[in-house]
1. Where in the range 1-120 are the helices (runs of 4 or more DSSP H), entirely inside, with at least 2 residues that are out of contact with any helix residue (DSSP H, G or I) (no Cβ under 6 Å at 6 or more places or on another chain) and closer than 25 Å to Glu149 by Cα?
2. Applying the selection to the range 219-247, what residues are in contact (Cβ under 8 Å) with a residue 60 or more places away in the chain and not in a loop (DSSP other than H, G, I, E, B)?
3. Residue under question is Val195, and the condition is that it be of a type in the set (Val, Ile, Thr) and either touching a residue at least 60 places away in the same chain (Cβ under 8 Å) or in a loop (DSSP other than H, G, I, E, B) (or both); does it hold?
4. Tell me, which helices (runs of 4 or more DSSP H) lie completely within the range 262-353 with 3 or more residues that are in the same structural domain as Ile207 (by TED's automatic domain parsing), modelled with pLDDT of 90 or more and surrounded by fewer than 19 Cβ atoms within 10 Å (Cβ to Cβ)?
5. Sort out which residues of the range 25-59 are closer than 15 Å to Ile85 by Cα and either touching a His at 6+ places or on another chain (Cβ under 6 Å) or of a type in the set (D, E, K, R) (or both), and write them in order of number.
6. Could you please find all residues in the range 27-77 being in contact (Cβ under 8 Å) with a residue 60 or more places away in the chain and charged (D, E, K, R)?
7. Is the range 192-205 home to any residue that is β-branched (Val, Ile, Thr) and surrounded by 18 or more Cβ atoms within 10 Å (Cβ to Cβ)?
8. I'd like the residue in the range 30-54 that is at pLDDT below 95 and among the β-branched types (Val, Ile, Thr) and, out of all such residues, is surrounded by the most Cβ atoms within 10 Å (Cβ to Cβ).
Amino acid sequence: MAKKVIRIHNKSDKPDNIVEKENLIIEKCLEMESELPSFMRDFFIYLKNGVAISTRLAYLQDILFFCRYLVSETQLTAATDIKEIRIEEFNKIKARDLNRFLGEYCTRYTIEKPESVMIMENHNRALARKKSSLAVLFKFLYRDEAIKENIAEGLNPIHLPKPQPDAIKRLEIDEVAKMLDVVENGTGFTEKELVYWEKTKRRDKAILTVFVTYGLRLKELQQLNVSSFNFGRGDFKIYRKRGKEVSMPLNQSVEKVIKEYISLERPPEQMISQEHRDALFLSLQKTRLTEKAIRELVKKYTSLALGTNKENGYSPHKLRATAATSLIQYGFSIYDVQNLLDHDNVTTTQLYAAHKKNVKRDIVNSFEWLDEYDKKNSPR
């Protein structure tokens, strides 16, 4: 059967490409909901209206995985199909059953394929997400009076190591300059790579400049459109997590690289299909650049700036960290940087400001009042 053409009747302020992408996620959610037991229907309504669609998808993936485990690995249900699991069986599940699922099964399990066996391992961060998904489900079922006990309260703690500032990977300011020099001049590329670079250098420079200036998330940059930019007003629109529309001011550097890319390298409108005509960053096939392609592009240029191989290049998220630390090094407050990067909690931003401790130490050590400690007055 031929795939139906999707047409968008969009009365919101969101661009069509974002509406279409959200629709794909919603379709995945609906598909998973159709596989899960019917007694979870009210929970699905709660997810639809209560959390971001990406969170809704993540919860449903984890809950579907848990239900598969119940059917295939335990005696907790008589069902042979996930859809057949009954609420009475869920009512008999205890906290220890969830702890065994998280602590024993999820840490390491296998998936058998026709020609291979795949070993799957989950570390604490992934286990914590699965724990969160199950806790939300069982709390809701208890609140909805579908089960008699809130067993989520009995879940074992999962320790997540506190992020260390020294462990945050980012480019130093001189490495950012080197990266932009690479994209400007093609330094370090093979002859074959130079042919491709010549066709995309302005696009690549614009992408990297936007990343290190604003610290955008990968999705936020990938979704940018030509119509997102209002050069007359000197700003552009992005869509954050949970669909927040934000206006970002343009500085001269970003305005220059975007305009140069659009006028000197991006194909004319008539050569681009209607579907991709408004997309800002295009592939050589004249389609919207995918998140995967942008990720590979960033790894390529950062590896050259770092003097390492492509596999050890940085991801777009490391350029987000680079933007944060660079702004703080230039003297902006953590609250200004928090606002720019859309951090939910200022403690996240504070991680990038940790180097300030060393700056304070250097200042104080160089500013002694007692003569015996004053290096400026010590004999040479």
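The values are calculated or read from the model by the stated rules, or taken from the named source; none is laboratory data. Because the structure is predicted, anything quoted here is derived from the model rather than measured. Note that each Cβ is placed from the backbone with ideal geometry, even for glycine, and that neighbours are counted across all protein chains shown.
1. Per the criteria, 41-50, 53-73, 87-91, 95-100.
2. Lys219, Leu221, Gln222, Asn225, Ser227, Ser228, Tyr239, Lys241, Arg242, Gly243, Glu245, Val246
3. Working: of a type in the set (Val, Ile, Thr): yes; either touching a residue at least 60 places away in the same chain (Cβ under 8 Å) or in a loop (DSSP other than H, G, I, E, B) (or both): no.
It is false that Val195 is of a type in the set (Val, Ile, Thr) and either touching a residue at least 60 places away in the same chain (Cβ under 8 Å) or in a loop (DSSP other than H, G, I, E, B) (or both).
4. Hits in the range 262-353: 291-306.
5. Glu33, Glu35, Arg41
6. Asp42, Asp62
7. Yes: one or more hits.
8. Ile53
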